[in-house]
Amino acid sequence: MGYANEMQNKLPVIEFTKENSHPHSTSWISTRENVVRALEDYSCFIANYDKISLEIHEAIFRASKELFDLPVETKILNTSEYPGHGFLGQQPLIPLYESLGIENTTTPQGVQRFTNLMWPNGNDSFRESVLLYSKLVGKFDQIVMRMVSESYGIEKDYETIRESMTYLLKLIKYRGPKELEKKVGLSPHTDKSFITILHQHQVKGLEIKTKDGQWLVVDPSPSSFIVMAGDACMAWMNGRIEPAEHRVMMSGNEERYSLGVFTYIKDLIVQVPEELVDDEHPLQYKPFDHYKFLHFYFTEEARRSKCPIKAYCGL
């Protein structure tokens, strides 16, 4: 399908099927071209991915609602040494927003550790739903990044960082704004991740900013995902793909649930592949530590910067 519904005020929609998700299929190359074009033009795209069934979609959002129904005293046990990876809620600047983070979410150990923290007596249905969902989305992330790396001729560099990839699942809830409250669920920002894959439940709110300054609303669908480039991806790719600026605007009084799977590179110094540096594209970024960047992002220097990743490792 590719760019079949690319029009003004629309984001590219790309269909991922069993056939075109296989590197040796005839449709892999055309899908790969659409993915790279979408990321270059929009920094993101909407993916219809048939591996996530309606049953899996409903199960993961049931698990999410069950999690947010826990008392705050339990949820605050979700801590992390990395800013923003644990429980966030009741913050004056984003009063409608609440999230919990599951680190190493594609591993049984990561999900088990989080589940035991929230439910000391165990919760098998939560654990199984989260692990299944996370593994499927993690595999999808790797399909997308394989397409990108093949297109730019940097497969070996991608294989190196893939071995050091770790995934964070954020379960996110927004309450509906009260009568006099602002409708901002989450202020405009780019993600600090490598790639972010977002999945919405039934209530819309996510908006993506295009390069010409328009805000486009992304409608929820059980089979659709929003694939976005993060700051670390821009630095690794020497600026060829920019991060997607996005926000959440709430309307009405319904609660909104969403999920984000965020890719990070751990225990590896990330550097721009040689193939992405030439006379037209001089080197823009020094080698960087992705997790140290997460800490840098919350410093005064980063807050003053228009582009924290450039302030951190730009040349």
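Quick notes on this structure:
- Sites Ser80 and Asp279, calculated FRET efficiency, Cβ-Cβ separation with R0 35 Å, nearest 0.05: 0.25
- For the chain: rounded, prolate or oblate by the Cα gyration tensor [a/c cutoff 1.5]: rounded
- Cβ-placed point charges (K, R +1; D, E -1), dipole of the chain about Cα centre in debye, nearest 20: 760 debye
- Residues His22, His57, sorted so that the one with the fewest Cβ neighbours within 10 Å comes first: His22, His57
- Cβ charges +1 (Lys, Arg) and -1 (Asp, Glu), total dipole of region 1-138, debye: 120 debye
- One decimal place: the segment Asn253-Glu66 gains 65.3 nm when fully extended, by the rule 0.36 nm per residue minus the C-alpha distance.
- Taken over region 1-138, the percentage of Cα pairs per 10 Å bin, counting from 0 up to the bin with the maximum distance, is 10, 30, 28, 24, 8, 0.
- Take the Cβ atoms of Lys310 and Leu117, set R0 to 41 Å, and the FRET efficiency comes out at 0.70.
- Degrees separating the helix 26-42 axis from the principal Cα axis of the chain, which is the longest one: 80 degrees
- Take 78-84, 97-103, 197-203, 27-33 and order them by the average number of nearby Cβ atoms within 10 Å per residue, most first; the result is 97-103, 197-203, 27-33, 78-84.
- Relative to the longest principal axis of the Cα atoms of the chain, the long axis of helix 108-118 lies at roughly 30 degrees.
- Principal-axis tilt of helix 54-68 within the chain, Cα atoms, nearest 10 degrees: 50 degrees
- Per-pair calculated FRET efficiency, R0 = 30 Å: Ser187 and Glu300 via Cβ, rounded to 0.05: 0.95
- Pairs from the list Lys178/Lys204; Lys65/Lys183; Lys139/Lys170; Lys209/Lys306 with a Cα-Cα gap above 19 Å: Lys65/Lys183.
- Cα gyration tensor shape of region 73-223, rounded if a/c is under 1.5, else prolate or oblate by comparing a/b with b/c: oblate
- Cα centre as origin, Lys/Arg/Asp/Glu Cβ charges: region 199-315 dipole, Debye: 400 debye
The numbers here are math on the coordinates, done by the rules we state, and not lab data. Predicted model, so just to flag it, every value in this text is computed and none were measured. Cβ atoms come from the backbone with ideal geometry, glycine included; neighbour counts cover every protein chain shown.
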